[in-house]
Amino acid sequence: MDPTASLGNVHLGAEQTSNDILQGETSAALPNRRGPSRGPVALPGGKKRFESTNELGQPNGSDVDSMAFKTAIGVNTRKYVPIAYETFHLVPPEDYEKVLSVLQETFDCKGVSPEYFRDRVNQASKNHRHNLHKKYIKGKPIAVLRNSPPPPFVNREEWQWFLDYTSKETFKAASRRNIVNRSKLKAPNTLGRRTMAAIRHMIAKERNVKSDFEVGRAEVYIRAHTKKDKIVQCPKIVEKIQEIENSTPKSNFLCVNDALTQVLGKDRNGHMRGMGAGISITMVKKTSTLLKKNEVLQDENSTTNLKVDMLGKELEKIKEMILKTQVNSPARFNADLSTPTTPSKCSSQ
C-alpha cells in the first residue's frame, strides 16, 4: 500500500468538503495524534453562535462560542486562502472575504471590525504556511516532495509553487533571521488560546467598570505575561512599569504614551502592545476622543434626567396641594353663599 495514499484521500477537491471526507474516514485510518482542527460543529436548527465584542470591534469573550469563532477562522483560512503568495498583502480581497462570508453563516459576528478580521486571517495564513513547511518540507528532499500528493487543504499547483518558494535562498535567510529573533524574546506571553481583548474584558468585569476601554494596556500586558502560579515572565519590565504607574497614576490609562510605551518604546505601525489583533495607534486615538465625547454626553444626559426627576417631584407636590384645595373649596363656597351681602355705604348714598 502506498504510504502517501492517506494524504491523497484527505486532499480537498473542488466538490468535496472536509466534513464529507471526515465522515468517510474510519477510525483505523486516522493517525493516533492530533491533526489540523476540523472546525466547530454547527448548532441545530440554523441557530448562530454569538460573538461578543468590545468598543474597538475585537471579540472579547472566553466562552465556547468565542473559542469556536477563533477555530473557525483558522479552518476556513486553510480552505479558502491560497498559499501561493509571498505575502498576505498580495492575496486578493475576495479570497479572505470568502472566509468572512462562510463564518457569517454560523456566527452572529456583526460587531467584529474588518481590521480585526483581516489581522486574524493574516495570522492564520502565516501559521498554516509555517506548519506546512515544518511538517512536510523541512529536512526532506524536494525531489521526493514534488512527486508526492499535496497536504490537506492544498491543491497540487499551489503546493508546487510553495515548494519552489521555500527552496529560495531569500526564504531560507528570512527563516534563519526569525530563529535568531525568537531566541531574543524576553517576555513570552502566557495567554494560550485567550486573546488580549478577552483578558481586558476579564479585568473590566473583575473591577466592575462599565467599559473595557477603562482598563489600561499595562495592566493587560502584565496579566498576559503572568502564569497561573503568579510567576511573572518578565519581572524587570513589570517592575519598571509599576514604578511609573505609582509615580504617575495617569500613565495607567489607555493612551499612546502610557507606562508601557515609556518602558518598551514606541509601537510599530499598525500594532499596539497589549491590545491584540486589529488595533492601531490611530484607531485608539480616534476611539479615545469618541469615548470622551460620549462620556460628556452621558453626564449631560444624566444631569438632564436628574432635573426632569426633580421637576416631576415638584409637580407631584403641586398636584397634591391642588387636590387638597379642591377638597376644601366646596365648603368655603357654600359658607360664602349663606352669608348675606351687606350693601356698602357708598352704594346706599
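Annotation: extensible slack from SER247 through LYS266 equals 4.8 nm (criterion: 0.36 nm per residue apart, minus Cα-Cα distance). Accessible surface of ARG273, taken over heavy atoms with a 1.4 Å probe and every protein chain present, rounds to 80 Å². The listed residues LEU315, LEU260, once ranked by accessible area (1.4 Å probe) with the largest placed first, stand as LEU315, LEU260.
Quick check for you: with a 1.4 Å probe and neighbouring chains kept, what is the accessible area per residue of the range 164-232, in Å²?
Values: 4370 Å² over 69 residues.
For the range 164-232, the solvent-accessible area averages 63 Å² per residue.
The simple spin-label model puts a point 7 Å past each Cα toward its Cβ; for ASN257 and SER175 those points are separated by 4.5 nm. Between the amide H of PHE50 and those of ASP108, distances stay under 5 Å, these residues lying 5 or more places away or on another chain, with hydrogens modeled in the peptide plane. For ASP63, the solvent-accessible surface with a 1.4 Å probe is about 80 Å², rounded to the nearest 10. Note on SER280 and LYS79: their simple-model spin labels are 3.0 nm apart, each label 7 Å out from Cα toward Cβ. Using the average count of surrounding beta-carbon atoms within 10 Å as a protection proxy, the listed peptides 190-198, 103-111 rank, highest first, as 190-198, 103-111. For the range 49-183, the fraction of 1.4 Å probe accessible surface lying on carbon and sulfur atoms is 53 percent. Modelled label positions at ASN147 and GLU214, each set 7 Å beyond Cα in the direction of Cβ, lie 6.8 nm from each other.
The values are calculated or read from the model by the stated rules, or taken from the named source; none is laboratory data. What you see is a predicted model; the values in this text were computed from it and never measured. Please note: Cβ atoms are built from the backbone with ideal geometry, for glycine as well, and neighbour counts cover all protein chains shown. What goes into the accessible areas is simple: the full protein's heavy atoms, side chains included, and nothing from ligands, DNA or RNA. Shrake-Rupley method; radii C 1.70, N 1.55, O 1.52, S 1.80 Å.
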